[in-house]
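Q: Here's a structure for you.
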Amino acid sequence: MTDQATPTPVGAPRRSGRHGAVQPSHLSSERLTRARELMALYPEPRSALIPLCHLAQEQDGWLTPEAMVDVAALVGVTPTEVLGTASFYDMLHTEPVGTHVVAVCTNIACLLGGAAELLEHAESSLGVNAGGTTADGVITLEEAECLADCDRAPCVQVNHRFVGAQTAESFDALMADLRSGARSEDIPSHGTLIRVRRSTGLEADPERVAAERAAMAEAQARRAAEAEAAKASAGGSGGAS
Amino acid sequence: MAITDPPKIVTSRLPYADSHTLERYLATGGYDGLRKALTMIPEAVAAEVDTASLLGRGGAGFPAGRKWAMLRKSPVTYLVVNGDESEPATFKDHLLVERDPHQLVEGVVIAAYALQVSRVFIFIRGEFALGLERVQAAVNEAYAHGALGADIFGSGFSVDVVVHPGAGAYICGEETALLESLEGKRGFPRIKPPFFPAAIGLYGEPTVVNNVETMSNLPWIVNHGGAAFAALGEGRSTGTRLFALAGHVNNPGVYELEMVKTTFHDLIHAPVLGGGIPHGRELKAFIPGGVSAPWFGPDQIDLPLGQDEVAAAGSMLGSGSIVVMDDHTCAVRASWRITKFFSRESCGECTPCREGSGWLEKIMERIETGQGRDEDLDLLLDACDNIAPGLTWPPQQTTICVLGPSIPSSIGSAIQMFRDEFLVHIKEGGCPYE
């Protein structure tokens, strides 16, 4: 600790991060708009970090360093914190991947259904080991953990779309379809996750909710008092009935 | 024991191809439960759930009504729905989010009303792209229909629901890891105490975390009353439950069955359910509740599908997924694959789990691939003992969450039930099944 750089004075704006010194410049303006809409859904902007990483992957196919700088600036953390978080998650790729990410599950149910053999076939027919990308950059092959489609074993996903149980033959046909674009309708390229956008902002604003809660508590108290009074009057006239 | 014919509580719309649409939902009684709930006081709705004795369907089986009652009073509280289904061989929530998303949304709004929560996050596993789209579409439609948002159905109650995508991490199914992830961080579980979500949850505020299937039961419970739900099943296991059947059976799939009434034998062999084991083979073993659960053998096949019954026999009903292995299955290979899963998915927070899972996986691999050593069985059990001292069931733990003590289940079961197979692997230097 002898050769320490001059520390940044407390309170001075950082190059990036919480103080927003860096303006997002990599994400498209349309995606920046969507990013801000997503952030507005959470009490704290950092909660949108993962949805924003998905948004960045939708643009670039993977999570680029430039996109992480943007995400950091948007949610108010450092790019390192974005990388440190994103690298924890299997779906966020901090290295380039193919246009299509093909995941073959080999977990227990699929293993019993012949998944190890299917993965072996996939590796030899694509000419890459699991984790690798074909030379033409079209397909990245992954050995996946359970994808929760166990009644259709061995289970395969392409870009997180389920394609049903696969045999060696159907797998090869599927790869050919991916290369020719025949499946582009139902299987968007890697990174596009949720094609349905949220149609509305938040409606239950805190003031409204507080007023509603107060009104509801009042109504409940009134109903309770009425019930109490009814019980008392029923008790009072009990002898007559 | 028998296969009863209970009402379909959560799978009634599955016969319809358009079961996910608002149109179909409304045509089949959709949002009636919510309308009814909104005429009741919130406490009365919670009381129905308590009467139903609805056990949480995520895996731990904690009564939902009691969980709700534990929510600390605070001006701001949250409801978080756990749709991060990733326990291997569990695929029931996958079905519910894709095929009946409105039922989930209705259940969520009912719960939000009972708990008086004004913002809900539905955390859905990132790999469920179609499920995320279907639930988001249902949320959009529910807002437009007046079932969500401000002044729901003119009741004066308002709640917002936000659909949140995960990004691929098994650990985020653990509720405190899920909350960390929802806060935009790595999915590291929080230590309990003090971080019980009901006291200190999302953003430090009191939070209820409920499973997708748990929520999906609520419309029926409100419509028919908690007592009608409690009348199904036996003992503490009330109502129906989704059982996901996979592995070596003729008809793998998700079955909604009355709790306790049906046995594992029925589920695996009945023609209307699993339809038996293919190729005329025999049952070797089955996993009764997700890969975190100890295995059962043919001797336990007559046990009923009930939470306490399975627990008393030394395992757990867990996430409701049953994996069947026939007599051509290599027990070493099966438990190695499960161990590899835990090794890949250990979040790395606690040393016994992070290091132990990796070592266990390496030892299992070398046994399966013919490099096993005579001392390996003791070494495996010793490493397991470091994660779950005493190797008891339910397990003790040396880790923050229960992922760690789940690792020894398959290894311990395989060694206990099929010790000879391990010895053959070691002696003959390879897998006898290959």
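Q: On C-alpha positions alone, give me the angle between the axis of helix A:168-180 and the longest principal axis of chain A, in degrees, nearest 10.
A: Between the helix axis and the principal axis of chain A, the angle is about 90 degrees.
Q: Still on this structure, please answer the following. Using mean Cβ contacts within 10 Å as the protection proxy, how do A:47-58, A:132-143, A:23-34 order, highest first?
A: Final packing ranking: A:47-58, A:132-143, A:23-34.
Q: Rank by packing, highest mean first: peptides A:91-99, B:145-153, B:314-322, with packing defined as the count of other Cβ atoms within 10 Å averaged across residues.
A: By packing density, highest mean first, the sequence is B:314-322, B:145-153, A:91-99.
Q: Using θ = phi - 60° and the Karplus curve 6.51 cos²θ - 1.76 cosθ + 1.60, what whole-Hz ³J(HN,Hα) does each residue of the range B:303-308 get, with Gly and Pro shown as x?
A: Residue by residue, the range B:303-308 yields 5, x, 7, x, 4, 6 Hz.
Q: Go through the range A:154-235 and name the trypsin sites (Lys or Arg not before Pro) that are in a DSSP coil and have 14 or fewer other Cβ atoms within 10 Å of their Cβ.
A: Loop-located and lightly packed - A:Arg195, A:Arg197.
Q: Based on Cβ point charges of +1 for Lys and Arg and -1 for Asp and Glu, what charge dipole magnitude is obtained for the range A:100-180 about its Cα centre, in debye rounded to the nearest 20?
A: Taking the Cα centre of the range A:100-180 as origin, the dipole is about 180 debye.
Q: Restricting to DSSP H runs of at least four residues, report the calculated mean residue ellipticity at 222 nm for chain B, -39500 (n - 2.57) per run over all residues, nearest 500 deg cm²/dmol.
A: Here the helix-only value at 222 nm equals -12500 deg cm²/dmol.
Q: Take the Cα of A:Ala227, step 7 Å along the line toward its Cβ, and report every residue of the range B:214-234 whose backbone nitrogen sits under 12 Å from that point.
A: No residue passes the distance filter.
Q: Given the options A:Ala173, A:Ala109, A:Ala217, which has the most mean-square fluctuation in a GNM of chain A, springs set between C-alpha atoms less than 10 angstrom apart?
A: Checking each option, the largest mean-square fluctuation is seen for A:Ala217.
Q: If you don't mind, another one. At a 10 angstrom cut-off on C-beta neighbours, averaged per residue, how do the peptides B:301-307, B:377-383, B:396-402 rank from highest to lowest?
A: The packing order, highest mean first, is B:301-307, B:396-402, B:377-383.
Q: Let me ask another. In peptide B:147-154, what is the residue-averaged number of other protein chain Cβ atoms found within 10 Å of each Cβ?
A: That works out to 3 on average.
Q: With charges set only on the Cβ (+1 for Lys and Arg, -1 for Asp and Glu), what does the dipole of the protein assembly as shown come to about its Cα centre, in debye to the nearest 20?
A: Around 1900 debye, computed over the protein assembly as shown.
Q: Taking only C-alpha pairs under 8 Å that are 6+ residues apart, what is the relative contact order of chain A in percent?
A: It rounds to 17 percent for chain A.
Q: Which angle between 0 and 90 degrees, to the nearest 10, do you get for helix B:403-428 versus the longest principal axis of chain B when only C-alpha atoms count?
A: 30
Q: At 0.36 nm per residue, minus the direct Cα-Cα distance, what do B:Asp18 and B:Val76 gain on full extension? Give it in nm, one decimal, please.
A: Computed gain between B:Asp18 and B:Val76 is 17.2 nm.
Q: Gain in length, B:Arg354 to B:Asp32, computed as 0.36 nm per residue apart minus the alpha-carbon separation, to one decimal in nm?
A: Length gained between B:Arg354 and B:Asp32: 111.1 nm.
Q: Would you mind classifying the range A:145-241 by shape? Square roots of the alpha carbon gyration tensor eigenvalues, ordered a ≥ b ≥ c; an a/c under 1.5 is rounded, otherwise it is prolate if a/b is larger than b/c and oblate if not.
A: Prolate, because a/c is 1.5 or more and a/b exceeds b/c.
Q: Moving to a separate point now. Note the angle between two axes, namely the Cα long axis of helix A:65-75 and the longest principal axis of the Cα atoms of chain A, as a number of degrees from 0 to 90, rounded to the nearest 10.
A: The two axes meet at around 10 degrees.
Q: Projecting each Cα onto the charge dipole of the range B:279-390 (Lys/Arg +1, Asp/Glu -1 at the beta carbon, about the Cα centre), which of B:Ser346, B:Leu380, B:Ile287 comes out farthest on the positive side?
A: The residue sitting farthest along the positive end of the dipole is B:Ser346.
Q: Another question, if that's okay. Please sort by residue number the GluC sites (Glu not before Pro) in the range B:356-400 whose DSSP state is loop and whose Cβ has at most 14 other Cβ atoms within 10 Å.
A: B:Glu375
Q: Can I ask one more? Say the dipole of the protein assembly as shown comes from +1 at the beta carbon of Lys and Arg and -1 at that of Asp and Glu; which of A:Pro43, A:Pro65, A:Leu55 then lies farthest toward its positive end?
A: A:Pro43
Q: What does the charge dipole of chain B about its Cα centre add up to, to the nearest 20 debye, if the Cβ of each Lys and Arg holds +1 and the Cβ of each Asp and Glu holds -1?
A: About 820 debye.
Q: Turning to a different aspect of this structure: Enter the mean number of other protein chain beta carbons within 10 Å of the beta carbon of each residue in B:112-119, as an integer.
A: Mean shielding count: 3.
Q: When you look at the Cβ of every residue in A:35-44, what mean number of other chain Cβ atoms sits within 10 Å?
A: 3
Q: Another question about this same structure. Given B:Leu71, B:Val97, B:His164, which one lies farthest toward the positive end of the charge dipole of the range B:46-174, if we put +1 on the Cβ of every Lys and Arg and -1 on the Cβ of every Asp and Glu?
A: B:Leu71
Q: Amide H neighbours of A:Val101 under 5 Å, at least 5 residues apart or on other chains, H built in the peptide plane: list them.
A: Excluding prolines and chain starts, which carry no amide H, the hits are A:Thr140, A:Asn159, A:His190.
Q: Going by amide H atoms built from the backbone, whose H comes under 5 Å of the H on B:Asp326, apart from near neighbours?
A: B:His248, B:Lys284
Values in this text are rule-based calculations from the coordinates and carry no lab data. Predicted model, so just to flag it, every value in this text is computed and none were measured. So basically every Cβ, Gly included, is an ideal-geometry build from the backbone, and we count neighbours across all protein chains shown.
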